[in-house]
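Report on the following structure.
What follows draws every value from the coordinates through simple rules; no lab data is involved. Fair warning: this is a prediction, and the values are worked out from it, not measured in the lab. Cβ: placed from backbone, ideal geometry, glycine included. Neighbour counts: every protein chain shown.
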Amino acid sequence: MTNTTDQVLVACDTALRTLFARPHASKLCPTLPGQVTELTEAEKALSASLMRVNHVGEVCAQALYTAQALATPNAGLRLHYQKACQEETDHLAWTAQRLEELGARPSLLNPLWYAGAFGLGLLAGRLGDAVSLGFVVETETQVGAHLDSHLQQLPANDHASRAIVAQMRDDEIGHARQASVAGAAQLPSFVGDMMRAAAKVMTTVAHRV
């Protein structure tokens, strides 16, 4: 009982830190040495919108991994999710920092995004470890593709944002690979389609709000 209570308290603490505290990265923010970022107002607005979407993605990542850690009875897998969650905190801090530099705010709907992602993570975790890991593979694969698209959309001279997004993409692909090795199940194709549809709604709204 104490162990379960501790896990719930950790989950609550993560939610509060993600939504209401300033995140702190364990690694330095990625940069492109020697490259100076100079943006027009239009370019700055575009970068801010894209980085707000990426920040929302990291809010959701905190929720997903925290919920999956809470749901699994496997202590080793729980540690795996908790480690991934800590690594995603770097992304959360980097995107929050970049938003500040661009003079922009995070999404006003972050509590809603967090709650929805937490529910999905909890559901995936309750369906079994293999399914939960399969959910990670599908999620992180889609996120990697999404970040690739942002590298195409970001202003060519926004070197600061591009360095962050490129590192995030590499890390997300690494998380998908780790989950696959850990025994992820192959999810039905319709699950991936539903996840893409939900992500489309989230990114479209977060781009503006």
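Among Trp113, Trp94, the ranking by other beta carbons within 10 Å of each residue's beta carbon, starting with the fewest, stands as Trp113, Trp94. If you wrap the chain in the convex hull of its Cα atoms and look at it from every side, the mean projected area works out to 11.2 nm². Note on Lys83, Lys200: ascending count of other Cβ atoms within 10 Å places them as Lys200, Lys83, the fewest first.
What angle, in degrees between 0 and 90 and rounded to the nearest 10, separates the Cα long axis of helix 41-71 from the longest principal axis of the Cα atoms of the chain? So the helix axis and the longest Cα principal axis differ by about 10 degrees. Placing dummy labels 7 Å off each Cα toward the beta-carbon, the span from Cys29 to Lys200 is 3.3 nm.
Note on the chain: helix-only mean residue ellipticity at 222 nm, from DSSP H runs of 4+ residues weighted -39500 (n - 2.57) and normalised by residue number, equals -27000 deg cm²/dmol.
Neighbour counting of Cβ atoms within 10 Å sorts the residues Leu102, Leu112, Leu133, fewest neighbours leading, into Leu112, Leu102, Leu133.
Spin-label model, Leu19 to Ala104: label points 7 Å out along the Cα-to-beta-carbon direction sit 2.3 nm apart. Projected label points at Val181 and Leu112, each 7 Å from Cα along the beta carbon direction, are separated by 3.9 nanometres.
What FRET efficiency, computed as 1/(1 + (r/R0)^6) with R0 = 35 Å and r the Cβ-Cβ distance, is obtained for Thr4 and Val191, rounded to the nearest 0.05? Efficiency computed from Cβ-Cβ geometry: 0.80. With Cα atoms as the point set, the radius of gyration and Dmax of region 82-184 evaluate to 14.9, 45 Å. Relative to the longest principal axis of the Cα atoms of the chain, helix 189-206 runs at roughly 40 degrees.
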